[in-house]
Amino acid sequence: MTSPIDPTSTSAWTELAALHASFSPDLRGWFADDAQRVESLTFDLADLRVDLSKNLLTADVRSALVRLAEQTGVADRFAAMLAGAHINTTEDRAVLHTALRRPRGAEPALVVDGQQVDVDVQAVLDALSAFADRVRSGDWLGVTGKKVTHVVNIGIGGSDLGPVMVYEALKPYADAGIQARFVSNIDPTDLAQKTADLDPETTLFIVASKTFTTLETLTNARLARDWLWERLGAAGVDVGTDDARTAAVAHHFVAVSTALDRVAAFGIDPANAFGFWDWVGGRYSVDSAIGLSLAIALGPDVFRELLAGFHAVDEHVRSTPLERNVPVLMGLLNVWYSNFLGAQSHAVLPYAQQLNRFPAYLQQLTMESNGKSVRWDGTPVTTDTGEVFWGEPGTNGQHAFYQLIHQGTRLIPADFIAVANPAYPLADDGRDVHGLLLANFLAQTKALAFGKTAEEVEAEGTTGALVAARTFAGNRPTTSIFAPALTPAVLGQLIALYEHITFTQGAVWGINSFDQWGVELGKQLALQIAPAIEGDQDAVNAQDPSTRALLAYYHEHRR
Ligand code: F6P
């Protein structure tokens, strides 16, 4: 294992610290002085137009950031990941989500740890596509011979957030009369509400779990199995014998997992299980068989287009020099904001309702990846890591939290994402409504960058204390990401862009972005506390005073 390079020990870091010491953001001045600013900071990344010009970035800072990437070995880290080196050190695994979207026949073939990766990936994709086609065409039927109308994906974290986000984004492509739903939370409300109006005879459950050990998912899968038997029985279908119940499960349950033995133990026929590999992290798995619900509801062709979008950005990241490498530049900007300008969070604001779950998806991608205090060799990090990612679609967010972005005391870099063509081109009295959405996107990025001076406020007739309240400081950094339309390829490009931004930041900080030990302690403790909830006095006594008091409240109030 090579030791991580301490970013704070590099000359580039010293240079950035010096630039920061005399840094005086002036987007108005920078735009006025440099007619080339937009051109030099705008990039075409596959179908995405990425405009970095409204960031707090000067030519000096940009060069120093690129040197930081050079001096911390970012390019080598990318090369190691793409080649299948075991860069997930704590789990001794390769990190190969990029292999999931390599086109069929890509050269040279990828062989890692003796595995013919490309061959295996294409075999699962073929099986997934064939199965999806059977369900879509009505060749796969429920136990009473009816066509599937609803697929319910049961999974959590990476086995949920990716599929639900993509489904929401690409729903206009759903063309086979099959709806997808997503159950994740162990709160029984989730399953109860999402199955309430479903017909068991036309519902197909997909149990999606990389490990097939996750408490939430296995509990929900058992609840769903009980629901199926009960509701089929209520509809007069024979589920009185083990054979009948097994047949019902065989027709209404399939699984996606790396642990096919556990799938079989649950009672799902291994013939109806789709695999992936331990080198795909949960939060990087939407492009694996975890996307089965998408292949069924949206179609295998849409799923393959999505993968092609990912691959286009992988190719860019692999072959583009650091100074023009868009995900690298965006990752470096985040380092600049986090480590030098004091930003603690990063907003992602899609001006596209279909991307309403994109911020939630990014929260797992970025925060589970880079929320780390130790580096990949176990030594402490040397600087702050992982910002808080958050956001909501525009324009809704404008009427909720934008006030703080515009006039609050904290620096919040924000990414605005928009498309030129809407999925639903509605007009209001002859006026293109999507145009109004875009006007808001442009207005917000403009207001954040250039603000409004006291003189400008006064020129409008405002006087006294109101002047300060109505003044906007500007210099609030934004990145604008624009695409022609929210196609499957564009969505794949967007996801891959953020994957590689996340990787760049982790590489600079020297952390392993592919483990998530921080979620383990809570899982262990939940298992220890469960008996206390059920009333086991020894388990209650073993708790700390605060937890004991909360348990007492629960036992007092539970009917
Ligand atoms: O929350 C931790 C985690 O391991 C995530 O990383 C993962 O995406 C999620 O749980 C679900 O895990 P699985 O797919 O194994 O059920």
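Past the 29 Å Cα-Cα mark, which pairs from LYS171/LYS452; LYS146/LYS171; LYS54/LYS210; LYS171/LYS523; LYS372/LYS452?
Correct reply: LYS171/LYS452; LYS54/LYS210; LYS171/LYS523; LYS372/LYS452.
Distance in nm between label sites at SER63 and ASP429, each 7 Å beyond Cα in the beta-carbon direction?
A separation of 5.5 nm, rounded to one decimal place.
Which residues in segment 50-94 have a backbone N closer than 12 Å to a point placed 7 Å from the Cα of TRP517 along the Cα-to-Cβ line?
In segment 50-94, the label zone of TRP517 (backbone N under 12 Å from the point 7 Å along Cα→Cβ) covers 89-92.
So for the chain, what percent of the C-alpha to C-alpha distances run longer than 43 Å?
Roughly 25 percent, once rounded to a whole number.
Place a +1 charge on the Cβ of each Lys and Arg in segment 76-116 and a -1 charge on the Cβ of each Asp and Glu, then give the dipole magnitude about the Cα centre in debye, rounded to the nearest 20.
Roughly 240 debye, rounded to the nearest 20.
For segment 426-559, what is the Kirkwood hydrodynamic radius in Å, using each pair of distinct C-alpha atoms?
Result for segment 426-559 stands at 21.9 Å.
Using θ = phi - 60° and the Karplus relation 6.51 cos²θ - 1.76 cosθ + 1.60, list the HN-Hα couplings for segment 502-514 in order, rounded to whole Hz, with x at every Gly or Pro.
Listing the rounded values in order: 4, 5, 4, 5, x, 5, 4, 7, x, 10, 8, 7, 10 Hz.
Taking the chain as the reference, fit the longest principal axis to its C-alpha atoms, fit the long axis of helix 117-137 to the helix C-alpha atoms, and give the angle between the two in degrees, 0 to 90, nearest 10.
Approximately 60 degrees, to the nearest 10.
Taking 30 Å as R0, compute the FRET efficiency from the Cβ-Cβ separation of LEU525 and ASP76 and round it to 0.05.
Plugging the Cβ-Cβ distance into 1/(1 + (r/R0)^6) gives 0.20.
Cα atoms only, segment 153-236: Rg and Dmax in Å?
Considering segment 153-236 through its Cα atoms, Rg and Dmax are 13.1, 38 Å.
Find the centroid of the Cα atoms in segment 294-308 and in segment 70-135, then give the distance between the two in whole Å.
19 Å
Taking segment 290-401 on its own, what percent of its Cα-Cα pair distances exceed 16 Å?
Percent of Cα pairs beyond 16 Å in segment 290-401: 73.
For segment 502-548, state the semi-axes of the equivalent ellipsoid (square roots of 5 times the eigenvalues of the alpha-carbon gyration tensor), sorted largest first and rounded to whole angstrom.
Ellipsoid semi-axes (Å, largest first): 37, 10, 6.
How far is the Cα center of segment 418-464 from the Cα center of segment 489-513, in Å?
30 Å
Using a simple charge model, +1 on the beta-carbon of Lys and Arg, -1 on the beta-carbon of Asp and Glu, nothing else, what dipole does the chain show about its Cα centre, in debye to the nearest 20?
For the chain, the charge dipole is close to 440 debye.
Below 8 Å between Cα atoms, with a sequence gap of 6+, how large is the relative contact order for the chain in percent?
Computed value for the chain: 20 percent relative contact order.
Please name which of PHE482, GLN354, ALA400 has its Cα lying farthest along the dipole of the chain towards the positive end, using unit charges on Cβ (Lys, Arg +1; Asp, Glu -1) and the Cα centre as origin.
Value: ALA400.
To the nearest 10 degrees, how steeply does helix 161-170 sit against the main Cα axis of the chain, on a 0 to 90 scale?
It works out to around 80 degrees.
Each residue of segment 99-107 in order: what ³J(HN,Hα) in whole Hz does its phi give by Karplus 6.51 cos²θ - 1.76 cosθ + 1.60, θ = phi - 60°, with x for Gly and Pro?
6, 5, 10, 5, x, 4, x, 4, 10
Residue by residue, what Karplus-based ³J(HN,Hα) values in Hz, rounded to whole numbers, does segment 394-411 have, using 6.51, -1.76 and 1.60 with θ = phi - 60° and x for Gly and Pro?
Rounded to whole hertz, the list is x, 8, 3, x, 4, 8, 10, 10, 5, 3, 5, 5, 6, 10, x, 8, 9, 7.
Nearest 10 degrees is fine. How inclined is helix 433-450 to the longest principal axis of the chain, computing both from alpha carbons?
For helix 433-450, the angle is close to 50 degrees.
How much length would be gained if the chain were fully extended between ARG28 and ALA459, taking 0.36 nm per residue of separation minus their Cα-Cα distance, in nm to one decimal?
Between ARG28 and ALA459, full extension yields 153.3 nm more.
Output the peptides 445-451, 278-284 sorted from most to least packed, where packing is the average of other Cβ atoms within 10 Å over each peptide's residues.
Result, highest mean Cβ count within 10 Å first: 278-284, 445-451.
So for segment 173-331, Kirkwood radius off the Cα pairs, Stokes-Einstein at 10 °C and 1.306 mPa s: how many µm² s⁻¹?
90 µm²/s
Over 18 Å, how big is the tail of the calculated P(r) for segment 436-488, in percent of all Cα pairs?
48 percent
Computed from the coordinates by the stated procedures, all read-outs in this text should not be read as laboratory data. Fair warning: this is a prediction, and the values are worked out from it, not measured in the lab. Don't worry about glycine lacking a Cβ; one is built from the backbone with ideal geometry, like all the others, and counts go over all protein chains shown.
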